[in-house]
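Since the structure comes first, as structure tokens, the remarks are kept for the end.
The values are calculated or read from the model by the stated rules, or taken from the named source; none is laboratory data. This structure is a prediction, so every number in the text was calculated from the model and none was measured. Using ideal geometry, Cβ is built from the backbone for each residue, glycine included, and neighbour counts are taken over all protein chains shown. These accessible areas exclude ligands, DNA and RNA; they are computed on the full protein's heavy atoms, side chains included. Shrake-Rupley method; radii C 1.70, N 1.55, O 1.52, S 1.80 Å.
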Amino acid sequence: MHSMSCVDRWSRPLDRRAKKELLVTSPQRSFLDWLSERQVLQPEQLALVTQVCQEESQTPERVVIRLGLLSEADLIALYSDLYQLRFLKLEDVEIDPEATRHLPARIAHRYSMIPIRRSGNTLALVMADPLDKAALAAAKSVTDFELIPFAGRVDAIEHAVFLHYGESAQPEAADETSQPKVSTVLRSRLLGEDDRVGHMAKSIPLNPEWTWDKLVVCPANEHAVSLLRDPARTSMDGGSHFGLIRGAPGCGKSHLLHAVAQATSAQNPLGRLLLTTARRFADHLYESVRDGKLNLFRYLYRELDLLLLDELEWLDGREWVQRELAETLQALQKKRKSAYLMSREHSAISVSTIPALRALLDSGFSAEITAYPTDARLDILRGKCGNIELPAEVLQYLSRRTELNIGGMLDYLQPLVVLAAQNTDALTLDTAIELLGPLNRVTMDDRRCMALADWSTGVGLSQSKEG
């Protein structure tokens, strides 16, 4: 459950531009202008949309979907950015009962909204439709607080309103004036949460275990950690920062990116952050070219505040993707935004890296994660055991197997923890060695390479070993 201080950070006022767009402009009237300004559509596409809107008296949103220029998921992502809306999952938020006293029950029921936190002269509201001017005006008429609207699921809001206000004393008639005026696009976002947002605009799922608090810092990674934990580099409050972290497979590079993403999102939830991999970047680029949505792809990536890109080595030899990534980084740099990239050691900048991308990678800070010392590996193992106690000699045995990277070491730890959880007395050093079997000298990467070779040649793993 989010702490109250976290909601306080979320309740900061929107900037002047966002507030003006959210509370003053008409979405239907300004949407085409905004598409043109951001170059999401080609000029001829905009002309066609404008013509159809005038001839058929339809909204631009319906027209671009019907013409196949953008999908509903694309529009959801664009709306979220246009109005700088923040989706709030009410199940994870502690609602302050004191805040609910500042909004009458009749307004909460009628417009499907509920206050969640009061901080100073601001009142944070979760609403079915944060763009509904009538709802905002009704709330403003009964309070002098500055309102900070958030989007929420309709059913979750109605449930929370019932819990804090009870049943509606005077049920409203089921007409348009008594129902939340949620556009088709925005309603899809609310009901579908983030799963319906265009996948090009979505980060990969964050691992809740990969935070700064659960990271073992040692001489192997302390330089990289100190660079990435520097608030001046991760605040998204201005200033362009580029960083490249190298390290062997399984050394914790992804943990670092996830920790940066979670800490930065908590500090600046309205910032635009994307955590992805080089392969996903390439896949999204290919799909956008195939579907005629390259401008949308470029907008979604080049308007970010912080890009976190893992597995950069995957781009080795793929010059067409490298060229697009270089242009993306140049656009972020020009707008004083930031990007942090992770790569295997000595793989980020190779002979096949195009000069433009090489220059950008050389322009930022860099660090390398080296081999973890035994004591740090032992600390990692202990942390992953949780409440299950493994014999000290078993943990020491695993920590000293330096041919195993961190990921491979943890893979071997899992069956030992399961065995210990079932019968603590059954796990001894001899049992552990026997349980690991003949593969206890093979690293995770070696196993993957062997499996790939077996698949391509049709030779079984056991047969290849016997040979």
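When only residues in the range 154-174 that are in a loop (DSSP other than H, G, I, E, B) and either surrounded by 13 or more Cβ atoms within 10 Å (Cβ to Cβ) or touching a His at 6+ places or on another chain (Cβ under 8 Å) (or both) count, which is modelled with the highest pLDDT?
The selected residue is S168.
Condition first: among the acidic types (D, E) and surrounded by 18 or more Cβ atoms within 10 Å (Cβ to Cβ). Now tell me which residues in the range 317-337 satisfy that.
E324
Quick check on my filter: what residues within the range 307-316 are open to solvent by 50 Å² or more (accessible area, probe 1.4 Å) and modelled with pLDDT under 90?
Matches in the range 307-316: W314, D316.
When you look at L304, is it open to solvent by less than 40 Å² (accessible area, probe 1.4 Å) and touching a residue at least 40 places away in the same chain (Cβ under 8 Å), yes or no?
So L304 fails the test.
List the pairs whose first member sits in the range 368-382 and is part of a strand (DSSP E or B), whose second member is aliphatic (A, V, I, L, M) and open to solvent by less than 60 Å² (accessible area, probe 1.4 Å), and whose Cβ atoms are under 8 Å apart, counting only residues at least 6 apart or on separate chains?
E368/A224; E368/I245; I369/A220; I369/A224; I369/I245; I369/A248
G317 is checked against (1) within 30 Å of A266 (Cβ to Cβ); (2) outside any helix (DSSP H, G or I) and fails just one. What number does that condition carry?
(1)
Is there a residue in the range 303-310 that is of a type outside the set (A, V, I, L, M), under 23 Å from H258 (Cα atoms) and assigned to a helix (DSSP H, G or I)?
No, the conditions are met nowhere in the range 303-310.
Got a sec? Which of A151, A128, A124 is farther than 10 Å from S112 by Cβ, modelled with pLDDT under 85 and open to solvent by less than 10 Å² (accessible area, probe 1.4 Å)?
When all the criteria are applied, what remains is A151.
For the structure I just gave you, tell me whether L329 is assigned to a helix (DSSP H, G or I), farther than 27 Å from K214 by Cα and touching a Leu at 6+ places or on another chain (Cβ under 6 Å).
yes
So, of the residues in the range 272-296 that are part of a loop (DSSP other than H, G, I, E, B) and of a type in the set (K, R), which turns out to be nearest to the chain's Cα centre (by Cα)?
It comes out as R272.
Sort out which residues of the range 62-89 are modelled with pLDDT under 80 and assigned to a helix (DSSP H, G or I), and write them in order of number.
E72, A73, D74, L75, I76, A77, L78, Y79, S80, D81, L82
Can you pull out every residue in the range 280-293 that is aliphatic (A, V, I, L, M) and either under 17 Å from L329 (Cβ atoms) or open to solvent by less than 50 Å² (accessible area, probe 1.4 Å) (or both)?
A282, L285
Can you pull out every residue in the range 383-405 that is closer than 24 Å to K214 by Cβ, part of a helix (DSSP H, G or I) and open to solvent by 20 Å² or more (accessible area, probe 1.4 Å)?
The answer is G383, K384, A392, Q396, Y397.
Could you say whether any residue in the range 256-271 is of a type in the set (S, T, Y) and in a helix (DSSP H, G or I)?
Yes, some residue in the range 256-271 is of a type in the set (S, T, Y) and in a helix (DSSP H, G or I).
So that you can scan it fast, the table gives a plain yes or no per residue for (1) modelled with pLDDT under 85; (2) closer than 23 Å to L306 by Cβ; (3) in contact with a helix residue (DSSP H, G or I) (Cβ under 8 Å, 6 or more places away or on another chain):
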{"position": "Q322", "(1), (2), (3)": "no, yes, yes"}
{"position": "L329", "(1), (2), (3)": "no, yes, yes"}
{"position": "V351", "(1), (2), (3)": "yes, no, no"}
{"position": "L378", "(1), (2), (3)": "no, no, yes"}
{"position": "E393", "(1), (2), (3)": "no, no, yes"}
{"position": "R401", "(1), (2), (3)": "yes, no, yes"}
{"position": "N405", "(1), (2), (3)": "yes, no, yes"}
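Just to verify a result, which residue in the range 263-279, among those that are over 17 Å from L332 (Cβ atoms) and at pLDDT 90 or above, is most open to solvent (accessible area, probe 1.4 Å)?
Step by step, filter the range 263-279, then rank; the result is R279.
I'm trying to understand the selection: among the residues of the range 101-153, which are basic (K, R) and either touching a residue at least 12 places away in the same chain (Cβ under 8 Å) or not in a helix (DSSP H, G or I) (or both)?
Of everything in the range 101-153, those that are basic (K, R) and either touching a residue at least 12 places away in the same chain (Cβ under 8 Å) or not in a helix (DSSP H, G or I) (or both) turn out to be R101, R106, R110, R117, R118, K133, R153.
For R117, are the conditions met, namely being among the charged types (D, E, K, R), at pLDDT 80 or above and under 14 Å from M127 (Cα atoms)?
Spelling it out, R117 is indeed among the charged types (D, E, K, R), at pLDDT 80 or above and under 14 Å from M127 (Cα atoms).
In contact with a helix residue (DSSP H, G or I) (Cβ under 9 Å, 6 or more places away or on another chain), loosely packed, with under 11 Cβ neighbours inside 10 Å, modelled with pLDDT of 85 or more and in a helix (DSSP H, G or I): is that true of Q414 in this structure?
Yes; evaluated as a whole, the condition is true for this residue.
Any residue in the range 242-254 that's within 15 Å of I380 (Cβ to Cβ): show its pairings with residues that are open to solvent by less than 10 Å² (accessible area, probe 1.4 Å) and assigned to a helix (DSSP H, G or I) at Cβ separation under 8 Å, as long as the two are six or more apart or on different chains.
G247/A224; G250/G408; G250/M409
(1) open to solvent by less than 20 Å² (accessible area, probe 1.4 Å); (2) modelled with pLDDT of 75 or more; (3) closer than 22 Å to P130 by Cβ; (4) of a type in the set (V, I, T): which one isn't true of V7, the others all being true?
Looking at each condition in turn, V7 falls short on (2).
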